[in-house]
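Since the structure comes first, as structure tokens, the remarks are kept for the end.
The values are calculated or read from the model by the stated rules, or taken from the named source; none is laboratory data. All figures in this text were calculated on a predicted structure; none of them were measured in a lab. Glycine gets a Cβ as well: all are built from the backbone with ideal geometry, and neighbour counts include every protein chain shown. Accessible surface areas use protein heavy atoms only, side chains included; no ligands, DNA or RNA. Shrake-Rupley method; radii C 1.70, N 1.55, O 1.52, S 1.80 Å.
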Amino acid sequence: MKEIVIQTEKLSKIFGDFHAVDGISFEVYKGEIFGFLGANGAGKTTAMRMLCGLSHPTSGKAMVAGFDVFKQTEKIKKNIGYMSQKFSLYDDLTILENLELFGGIYGMSRKEIREKSQSLIEKLGLENESKKLVGSLPLGWKQKLAFSVSIFHEPKIVFLDEPTGGVDPVTRRQFWDLIYDAAHRGITVFVTTHYMDEAEYCNRISMMVDGRIEALGSPSELKAQFHTDNMDEVFYQLARAAKRSDS
Amino acid sequence: MKQFFVFVRKEFYHVFRDKRTLFILFGMPVVQVLLFGFALTNEVKDSPVIVVDNAKDEASQAIIGKMYASHYFDIEKAPLSHNEILENFRDGKIKAAIIFPANFNADLSHTNKAQIQVITDASDPNTATTVLNYATSVIKSYQEELAQNTRIPYRISTEVRNIFNPQLKSEHNFVPGVMAMVLMLICVMMTAISIVREKEFGTMEILLVSPFKPILVVFAKLFPYLTLSMVNLVTILLMSVFVLGLPIKGSILLLVLLSMLFMVCCLSLGLLISNIAKSQQVAMLISLVGMLMPTMIFSGFMFPIENMPTLLQVISNIVPSKWYYTIVKFVMIKGLGFSSIWKEALILAGMTCVLFFVALKKFKIRLE
């Protein structure tokens, strides 16, 4: 029996008469890498924000890490990590200061922060940069660092909103190594992406079209379902039916 | 609580690592005090003046002597006719003419009344008024000297009283104005910019997803700017006392406490702006146009409010700087106590409370 960490039932977000998210239902299991795919404007980011407690759902049900997104957002926040598509560390703080800040915000003790920072910096090979301002690092490193910060407090689930935008393929590969590593430690990874090669790295993926989930399964299941051998084609077949494009 | 201090420390890092902004923050009050104190002064020194002494008696000589002694006039004595004087005015050679009638001393000692004619070039009304005031203050001081020697009250006409500022020192008016301006600028603009920057860079999103309470974000932001403003307040006061020689007549404690009230008021305004503005530039623009301009226009520091049309006078009442300016002027320059300014203080406190709570309420917890 797999442990469910995210469960939604007919979750919707309506702005006026625009159904940004239109009754989505799915489950995500512990330690899984769950890919959340869809064209621009399909409603991915809105759905993710509802799950993170950043946006209040219009209707439906959703439990994240065992807590209700309607009533227990504060508890959800303690148990999740989040990395947005914008690079989101403080450029004018050093690596160590960023770690201290975010560790502190999540209520980690000073000793814990020190020990974890040490091992993280060793793991990323940033010993010489730890006292440099984050703004001076190359983008690839910043991205890896931002991910490491988002799971620094050992959350149950980490939400990644297009984390690899604008990064070269080598760095992307390294980035996914970090994601695998986190999943092995039992952290559930919920990731949105545009890159279909990245979709292949996920355990299961959902395809969102016009606010609804049109397909859900492992990459091989989806390829079989759409009679093709690559994810690009799956995406293309689904996205072609979409009525709305870039919002 | 630990979370809070971690966050406050981060805010201080932001402030201290941005060397350029820091320089502006600390340099601005110094530059403004110096500029307003020495460059943009309304003081008129060494104005060319013609004195026509038809009396040539003891009293007229004494007054002319006093005028020489002051550094306000560059006096030329010449027995000119009325038309010749007019010509000098037309050519712009003189700012004023002072004419003593014949029998000046005789009039003064026999009838206790005497007149001096002062003609000014009113095409430049500011200078004209200032020169006139200088002249009358010199005459007045002579009058006071006479009064000391005898019981009979002598009267030399045109009486203009310059209470609180007998030397017409222009610094007196601008120090409270600079205080209002600097505090306004730092508190409003810096708070607004620093919050909007977090929105722009996407770090606000991270903070909102974290268990860190949004209200603590607000308080942590206010902390460094309150500290900076205090430093600036002290700088301005010290410069005012030691560079401009303008003592603080009233209670320093009262001045500092009410300044802090004004700072909180401005911080709330900054917070409100940060809710509206989408980018740092917009935040800056709103702060400058929406806050700094009204401070300059409506506080009474540059333009007297009493001379404005009624509508503008009414509008000036909603500008917090106006009340703060009045408070500082009363406490610092006139040396009045709380009993004289409680009304202004109460209005400012009321504004602060309303603004602060509206700002907190509006501060967006969720992203749209």
*Are there any helices in chain B, counted as whole DSSP H runs, that stretch 20 Å or more along their axis by Cα and score at least -1.0 on average by Kyte-Doolittle, and if so which?*
B:2-17, B:19-34, B:125-149, B:214-242, B:252-276, B:338-362
*asked:* Using Cα springs under 10 Å in a Gaussian network model of chain A, which residue among A:Gly166, A:Gly38, A:Gly125 shows the largest mean-square fluctuation?
replied: A:Gly125
*Cross-link table A:Lys156/B:Lys2; A:Lys71/A:Lys131; A:Lys142/B:Lys221; A:Lys111/A:Lys156, entries beyond 30 Å C-alpha to C-alpha*: A:Lys71/A:Lys131
*Count, for each residue of B:236-244, the Cβ atoms from other chains sitting within 10 Å of its Cβ, then give me the mean as a whole number.*
0
*Can you pull out the buried accessible area for chains B and A, both sides counted, probe 1.4 Å, rounded to the nearest 100 Å²?*
2700 Å²
*Under the Cβ-under-4.7 Å rule, which cysteines of chain B stay unpaired?*
B:Cys265, B:Cys353
*asked:* Can you return the lysines within cross-link range of A:Lys223? Criterion is Cα-Cα under 26 Å, with same-chain partners fewer than 8 residues away left out.
replied: A:Lys2, A:Lys10, A:Lys30, A:Lys44, A:Lys243
*Quick one: grab the alpha carbon gyration tensor of region B:44-99, order the square roots of its eigenvalues as a ≥ b ≥ c, and give me rounded if a/c is under 1.5, else prolate or oblate depending on whether a/b is larger than b/c.*
oblate
*Enumerate the aspartates and glutamates that A:Lys132 could reach by cross-link, defined here as Cα to Cα under 13 Å, with residues fewer than 8 away along the same chain left out.*
A:Asp91, A:Asp92, A:Glu97
*Starting from the Cα gyration tensor of region B:47-156, take the square roots of the eigenvalues, sort them a ≥ b ≥ c, and report rounded, prolate or oblate (rounded when a/c is under 1.5, otherwise prolate if a/b is larger than b/c, else oblate).*
prolate
_DSSP beta bridge pairing in chain B, given as percent antiparallel to the nearest 5_ = 25 percent
*Accessible carbon and sulfur surface of the protein assembly as shown relative to its total accessible area, %, 1.4 Å*: 59 percent
*Can you give the FRET efficiency for B:Lys334 and A:Lys75, using 1/(1 + (r/R0)^6), R0 = 51 Å, r = Cβ-Cβ distance, to the nearest 0.05?*
0.35
_Most mobile listed residue (B:Leu80, B:Leu238, B:Leu34) in chain B, GNM with C-alpha springs under 10 Å_ = B:Leu80
*Listed residues B:Ser229, B:Ser109, B:Ser316, most fluctuating in chain B (Gaussian network, C-alpha, under 10 Å)*: B:Ser109
*Modelled label-to-label distance, B:Ser123 and B:Val314, 7 Å Cα→beta-carbon offset: nm?*
4.0 nm
*For region A:36-53 and region B:260-333, write down the distance between their C-alpha centroids in whole Å.*
43 Å
_Surface per residue (accessible, 1.4 Å probe) for region A:4-240, Å²_ = 41 Å²
